[in-house]
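The values are calculated or read from the model by the stated rules, or taken from the named source; none is laboratory data. Quantities reported herein were computed from a predicted structural model and do not represent experimental measurements. Here the Cβ positions follow ideal geometry from the backbone for every residue, glycine too, while neighbour counts run over all protein chains shown. Ligands, DNA and RNA are stripped out before the accessible areas are found, and what is left, the full protein with its side chains, is counted by its heavy atoms. Shrake-Rupley method; radii C 1.70, N 1.55, O 1.52, S 1.80 Å.
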Amino acid sequence: MKKAEISFDSIPRSAISNTTLKICLKCAFDLFTKQLKLTPRTAYSELKKHIPEEADITGAATSRPHFFDAPDIDHCPYCNGTKRWFAEFHSIRIDAHTSFEKERKKLWAALKKQSDRYTLWRDDQWLLEAAISHIKRSAPSNDWDKVLSAGVRRVQLSRQVEDAWRYEDGWLYVSPALYGDVIMVQHLISRSHQHGGRTFEGRLTFQELIRRLRRIGYFEAKGIDANDPYEEFEYAIGKLVDSGPGAVYYAVDRKDYLDKLKSVYEKKRAK
Ligand SMILES: [Zn+2]
C-alpha cells in the first residue's frame, strides 16, 4: 500500500532549510561485495539500513560514498561511476520556535510512522552556543568575531593546548579548566539551581524559584501541569530547550535512495 506524502507546509518556510546529499551506489555496493566479500543480497539488506551521519549532511565531514551535488559533477568523485549510480538523501532542517511548536510536533508524529523512509534527530545546538559564549567571555580581549569568523562546529577538550584554547579548521580546542567551566555552565543552564541561582528576582533557592514562578502564573502560561516542584521544573526546562532558538530538528528523507538502491540491486541480481 502506498503511503500518503507528508506535507511540511505547516512549518513556516523561513524556518526550513533543505539539503540534498548524494550517494554513489556503485561505491556503496563495492564496499560490501568487493571489500567485505558479502553477497549482493546481504549487501542490499545492509544498505537498506544505511543512514548518512549528521557530519555527512552538514558538510562537516562528508565522506565516501557521500558527496554534494554540483553542476559539473556527472561522475562519482571517488570511483568515477556514472550518474545512473547516484541516489539522493533529502535533509529537511527545521529551526524550532514556540510559535509553531505544536505544528512541528504533529509533523514529527506523522514522520515517525514512516520510520523506514524518514530518519529523525534533534541537534542540541544550544549546547554549542552556550559553550562558545562562555569561552568568549573567558577571554574578552580577543577579537572573537575575527578568530571564529569561519564558525565553530565543535568544542573539543584538549590537554595539548598551550593557552586556554586553540582554533583550527572549525574546531575550538580548549584546556581542561576551560572545558570544565563550559560543562558547568551548560549544567546550570539546563538543570536546576539547587543551591540558589541569581535572577532578576534576587538570589533564589530552588523552592523559592518555584514559588515565585507559581505566583506569577508561569506554569499555567506554559501549559505545565505537574505533581511536584521537581517535575514542574523539569517540564519547564524541557520546554525551554525544545523550543529555544537553539533547537534544531532534522528529518532525512530516504525515498529516492531506497528506490534507486532497489533498482540497482534488481539489475545486479538479473545479471
Ligand atoms: Zn562511486
>> Based on this model, can you work out whether Ile92 counts as in a helix (DSSP H, G or I), more than 16 Å from the ligand (Cβ to nearest atom) and in contact with a strand residue (DSSP E or B) (Cβ under 8 Å, 6 or more places away or on another chain)?
In response: no
> Which residues, counting only those in the range 37-63, are in contact with a helix residue (DSSP H, G or I) (Cβ under 6 Å, 6 or more places away or on another chain) and in a loop (DSSP other than H, G, I, E, B)?
Replying inline: Leu38, Ala61, Thr62
>> List the residue pairs whose Cβ atoms are under 8 Å apart, where the first residue sits in the range 25-39 and is closer than 18 Å to Thr82 by Cβ and touching a residue at least 24 places away in the same chain (Cβ under 8 Å), the second is outside any helix (DSSP H, G or I) and more than 13 Å from the ligand (Cβ to nearest atom), and the two are 6 or more positions apart or on different chains.
In response: Ala28/His50
> Considering only the range 154-204, how many residues are at pLDDT 80 or above, surrounded by 11 or more Cβ atoms within 10 Å (Cβ to Cβ) and part of a loop (DSSP other than H, G, I, E, B)?
Replying inline: 5
>> Test of understanding: among His66, His75, His134, which residue is farther than 22 Å from Arg13 by Cα and out of contact with any helix residue (DSSP H, G or I) (no Cβ under 7 Å at 6 or more places or on another chain)?
In response: His75
> Given the residues Ala131, Ala70, which is the only one that is open to solvent by less than 30 Å² (accessible area, probe 1.4 Å) and either farther than 17 Å from Lys255 by Cα or in contact with a Cys (Cβ under 9 Å, 6 or more places away or on another chain) (or both)?
Replying inline: Ala131
>> Can you find, within the range 29-75, the residue that is farthest from Leu258 (Cα to Cα) among those that are in contact with a Leu (Cβ under 6 Å, 6 or more places away or on another chain) and within 14 Å of the ligand (Cβ to nearest atom)?
In response: Phe32
> Checking Leu111 against (1) surrounded by 15 or more Cβ atoms within 10 Å (Cβ to Cβ); (2) in a strand (DSSP E or B), which test does it fail?
Replying inline: (2)
